[in-house]
Each structure stands twice: as C-alpha cells, then as structure tokens.
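Heads up: the structure comes next, in structure tokens.
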Amino acid sequence: MDPALTRYVESRQLSEPDALRLSASLAAGEVSAAPTETEVLRWLARQYDLAFSNLDQLSIDPQLLALFPVRLLLAHELLPLRRRTDAVEMATARLFDTRGLDLLRAQTGLRLVPVLTPREALGKAIKEHLGVGADTLDSIERESGLRVIDDDSQQDVDLDDIAQDASIVRFVNQVLTDAIGQRATDIHLEPFEDELQIRYRVDGVLQDVPVPAQLKRYQPAIVSRVKILSNLDIAEKRLPQDGRIRLRLQRDEVDVRVSVIPMVHGEAVVLRLLHQAAALRGLDALGLDAREGGLLRRVLGLPHGIVLVTGPTGSGKTTTLYAALQEINSVECKIITIEDPVEYRLKGINQIQINEKAGLTFSRGLRSILRHDPDVVLVGEIRDTETAKIAVQAALTGHLVFSTLHTNDAPGALTRLVDMGVEPYLIASSVDTVMAQRLVRLLCPFCKAADTSPEAARLGQEVGLGGSATFYRAVGCERCRQTGYQGRHAIFEMMQLTDDVRQLLLAQRATGELRAAACRHGMRSLREDGLRLARQGSTSLDEVFRVTIEDEAPQGAA
C-alpha cells in the first residue's frame, strides 16, 4: 500500500475497505500515484457524496459560531461553516472520527453535515475565527476558584497568584509560541475600553491577531504574568517599566525585551523578540550592489576610523554590522563589542552585555574596552554625548570603531553628532563612512504578478526607469498569509566622507548640502537602491515608496 494511504489508515482517517477502493482508483489512474491529503479528501468526498472545501475566503457568522462549545470544536478539530435550510455544514479533516460531530449534535440538537477540509487549512481557519489561545480561555471559564480581576475593583485580590494560574501561564506561552512561529519581531498587547487587542509585527508591518472575545476579562492577569516573567513589579501600575525575558523554544533561544506603559484602559505591553541563534549572514548575503559592496570591503581594511550604520529600530543595523565583523574575524584581530542586548553570538569575538542597573553603561564599558588592547570595537548604539566623544577618541588613537545611530539618512548622522556636542573637526578627522539602511518586504515568489497598471508605468517614468521596465505587485496566497510578501531585504545608502563633505561639515553647512556633495561623488539614495530591487522583481514599487521618503527620489535613471 502507498505510504500516504498507510498513514491515513493508521490515523483512522481512512477505513480499510476505503483504502482498498482508493488503491483500485490509483491502479486505474483516477488518482495520482502519490496522492496528497487534498487528493484523498476530494476522492472521499466523491465516494460519499460530500462537499470539499479549501476554506478560501471563508466568512463565518459569529452567531452561528456561538452555538457550539469552543472546547469541543478545538478538541475534535471542527469548524461550523454555514447554516443551510435543514442543517449546518461542519468542516472536518477526519470523516470517520464521528465522536465530535455526535457530541455537537447531542448538545445543540442540530443536524450537522461534514465538509471535508485539509487539516492545515482547517487549523488556520480555527485559529483565525476562534482566536489564539481559545482553548485555554475556554478552560478558564470552566475552572472553579479562578477570579477575574477588574482594574477598577476595590477588592483585595492576590494578582500574583492569579497570574501564575496554569491557564494564564498557558495562554501567555501560546501567544509567545504563535508569534515566534509567525516570524514576528514584536508582540503588542493593547488595552481598549471593550477589548484587549493583540498584534504581531511581521516583516515590519503590524498584523491583527484574532483572539477570543472574552480575553478582555483576563487582561490584568495576563499583564501580570508578563511582568512576573520579566521580573517587574506587578503592584506598580502607574509608571512605565522595562524588563527582559529569556525563552527557549526547542533549540531556539529568544531574548524578549519587555516594555509596560500605563494607558487609559489599562497597561499596554510590547515585547520585542530577538533570536539569539539567528543565522548570521555574510556580506554577500546582504545583497549589496557592486559600488556599496566595494566600499564596505574597503572600510573593513582600514586600520582606524569610525563606521556608522543609521536607521530606525528594527531596520537590520546590527545584522549588517555583524556580517562585517564576521568578515574580519580572525586570530590576528581582536574584536570587542558592547551591546544592549547581545543579539548574536559569534565565536572569537569578546562580547559585553550592558547592565545599567549595575552601572555598566556604554560610556563606562567603552572606556574599559580600550584598556583591553582591541583592534576593532563595536558599540551597539551611540546614545549620548559621552559615548560619542569616547568613540571619536578611540578612532583617533588607532582603533576601528563600528556603531549605530538613529537618523533618517546617512548625511543626518553627521549633524546628529554635532548636535550631541562633538566638535565638527573631530567628526571630520575620525568618521570615514556612514551607511543608512531600511528593510523592504520581498514579494512572495508563489503569487507575485506583473504590474501592468497605468499607475506603475507612470511611477516608472517619474523615477527615470522608462516604460520598458517590468514591475511586480503583491497578490496574496496561503503561503504568505494573504499579505503578498514573504521575508525582507535591506536597501542601503552609503556615504563616504570625501574632502568636499569634510569641508562642508567643518563649515557647519546644512544636511541638504552634505547630501548634494555626497551624491556628486556617487552616493545613491535609499529610494534608488530600493528601485534596483523593484527592477529585479524582488519587491514592488509600492513597498519601495512606503519605506523611503519623498525627497530621496532620484534625479535620473538609477
């Protein structure tokens, strides 16, 4: 018997007589030689005169969903689809396991008709319509002794005990596991008057997460559980708090930065997920264009100087810097980093974790680093004047210093350092290269389509790419969760401090003049680099324009 059929028989999804009939259909060529689950279910639907559905563009009436106990739907992997005149259609992947349907018939008195559905599609639909953690919250409803806390209540309650209840612990774990599985970088728990909203940031864009309607009732306990995990004060609800959680999911270690801020309707929580075991990329994997790649490799050969990478939070700055460090990591080169937190672990590099509570700050750590005879120093972020001045002194005394700044573009990093109190002549003498970057979403390779709209042609003309370029647009499919995008890629703006730029800096000229001088020497803007990816079909014009600002439009063909 075919292995696929054997698995169905063993899991009781296919009876032995049906397996034999299906084997006959295989022999007759009515079904492919190695049938997938979808093909087997379609075959069963024909045999038993049942409907089959992939649950595409599914819309379920909430009133219909409310007729059925959530715990039974989840336990038996069932989902009501629509009400017919005399029955209710119920999606299932297990035709011959009728226990769930029998229990639902007994409890509701309704006639239920099975609709065969692939298990993966059914699982996604259940999560979407019942919400993340629905089984856990349903169990809370049935458990005795668990008190629901109201922020406005004056009752004397032990929030610590409730937050550590097994059901609340399980719910928070489910949210964390689900977010990690969806490649989320942030989890947002946002309280409103009548709901607790959960959103994940995936590929740089926030996405709403379906949650059970009763979640709002458990908001204080859920927030308190997060506080306990991150060693925060659960009794303090008036002031912002910051903490950290270390997680291990299978072999993946995740460092979670936690921020709790009191809002009008309760405390809001944002959790930033940093994967410690994330695979490090080499310089080639960054996808730099020839000019930018050559400039970066030249910088890595410098004996001293400062290299700055700028961009907003979550734009991939640390990934780029570690790709550079990996390129020069060797026995002959001593590299020390000071970060908050340490996002990557790299053998052969000495790494320091900031601990402000203990007094280990960037500036204090950087002073100590210089006494350890390093060749290369990575400062996670220049946050204050003291750190900036020490970094400049380190570069002037023979060290190659890498660091990050939060500015919108490369020229803005120079004026930012001046604003922080660093003398322009010191910046001109120490800074060699500034690289700004952003992350653009990549089009899903399974559903992207050529963009033949007049708007795309007009945009192509506006940015100097002519009408012959072929652009692609996002469509959306199951593999990309209907977003049209899957994964991200960095775009870069690399500025060298040429003599012209240094002279303008010493004269303290405006950022626009610094940009113009850099462009005359070959610097390409973030938008121009993004258009390079659009021409390659890797991303869409809409995405490039979304992440780059208007005044970065190229002056001619890229």
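The values are calculated or read from the model by the stated rules, or taken from the named source; none is laboratory data. Quick caveat: nothing in here was measured; it's all calculated off a predicted structure. Note that we place each Cβ from the backbone using ideal geometry, even for glycine, and neighbour counts take in every protein chain shown. Surface areas here come from the heavy atoms of the whole protein model, side chains and all, with no ligands, DNA or RNA. Shrake-Rupley method; radii C 1.70, N 1.55, O 1.52, S 1.80 Å.
Of all residue pairs spaced 6 or more apart or on separate chains, those with beta-carbon atoms under 6 Å, a first member in region 313-330 that is over 14 Å from Asp375 (Cα atoms) and a second member that is surrounded by 22 or more Cβ atoms within 10 Å (Cβ to Cβ) and aromatic (Phe, Trp, Tyr) are Leu321/Phe402; Tyr322/Tyr344. Number of residues in region 97-114 that are among the hydrophobic types (A, V, I, L, M, F, W, C) and open to solvent by 70 Å² or more (accessible area, probe 1.4 Å) equals 2. Among the residues of region 433-452, are any over 27 Å from Leu296 (Cβ atoms), free of Cβ contacts under 8 Å to residues at least 24 places away in the same chain and β-branched (Val, Ile, Thr)? Yes, region 433-452 contains at least one residue that is over 27 Å from Leu296 (Cβ atoms), free of Cβ contacts under 8 Å to residues at least 24 places away in the same chain and β-branched (Val, Ile, Thr).
In summary, Ser540 fulfils each of the numbered conditions (1) touching a helix residue (DSSP H, G or I) at 6+ places or on another chain (Cβ under 8 Å); (2) open to solvent by 30 Å² or more (accessible area, probe 1.4 Å) with the single exception of condition (2).
Here is a check on your reading of the model: is Thr320 hydroxyl-bearing (Ser, Thr, Tyr) and crowded, with 18+ Cβ neighbours inside 10 Å?
yes
Of the candidates Glu386, Glu356, the single residue that is of a type outside the set (Phe, Trp, Tyr), touching a Ser or Thr at 6+ places or on another chain (Cβ under 6 Å) and open to solvent by 50 Å² or more (accessible area, probe 1.4 Å) is Glu386. Applying a threshold of 7 Å to beta carbon distances and a minimum spacing of six or more residues, or different chains, the list of pairs starting in region 44-67 at a residue that is farther than 21 Å from Leu95 by Cα and ending at one that is of a type in the set (Ser, Thr, Tyr) reads Leu67/Thr108.
When region 165-177 is filtered for residues that are touching a helix residue (DSSP H, G or I) at 6+ places or on another chain (Cβ under 8 Å) and either open to solvent by 20 Å² or more (accessible area, probe 1.4 Å) or outside any helix (DSSP H, G or I) (or both), the ones remaining, listed by number, are Asp165, Val169, Arg170, Gln174. Of all the criteria given as (1) among the polar types (S, T, N, Q); (2) over 22 Å from Ser540 (Cβ atoms); (3) at pLDDT below 95, the one not satisfied by Thr433 is (3).
Selection of first residues in region 249-277 that are farther than 20 Å from Pro191 by Cβ and of second residues that are open to solvent by less than 20 Å² (accessible area, probe 1.4 Å) and aromatic (Phe, Trp, Tyr), restricted to Cβ pairs under 7 Å at least 6 apart or on distinct chains, gives an empty result.
So for region 78-93 (the condition being modelled with pLDDT of 85 or more, buried (at least 16 other Cβ atoms within 10 Å of the Cβ) and assigned to a loop (DSSP other than H, G, I, E, B)), does at least one residue qualify?
yes
Here Ile382 meets each of (1) in contact with a strand residue (DSSP E or B) (Cβ under 7 Å, 6 or more places away or on another chain); (2) under 21 Å from Glu332 (Cα atoms) with one exception, condition (2). Quick check: anything in region 45-52 in a loop (DSSP other than H, G, I, E, B), open to solvent by less than 80 Å² (accessible area, probe 1.4 Å) and of a type in the set (A, V, I, L, M, F, W, C)? Yes, the conditions are met somewhere in region 45-52.
Would you confirm whether or not region 303-310 contains a residue that is more than 25 Å from the chain's Cα centre (by Cα), exposed (fewer than 14 other Cβ atoms within 10 Å of the Cβ) and closer than 28 Å to Leu497 by Cα?
Yes, because at least one residue in region 303-310 is more than 25 Å from the chain's Cα centre (by Cα), exposed (fewer than 14 other Cβ atoms within 10 Å of the Cβ) and closer than 28 Å to Leu497 by Cα.
Within region 187-200, restricting attention to residues that are in contact (Cβ under 8 Å) with a residue 24 or more places away in the chain and open to solvent by 20 Å² or more (accessible area, probe 1.4 Å), the residue that is farthest from the chain's Cα centre (by Cα) is Glu193.
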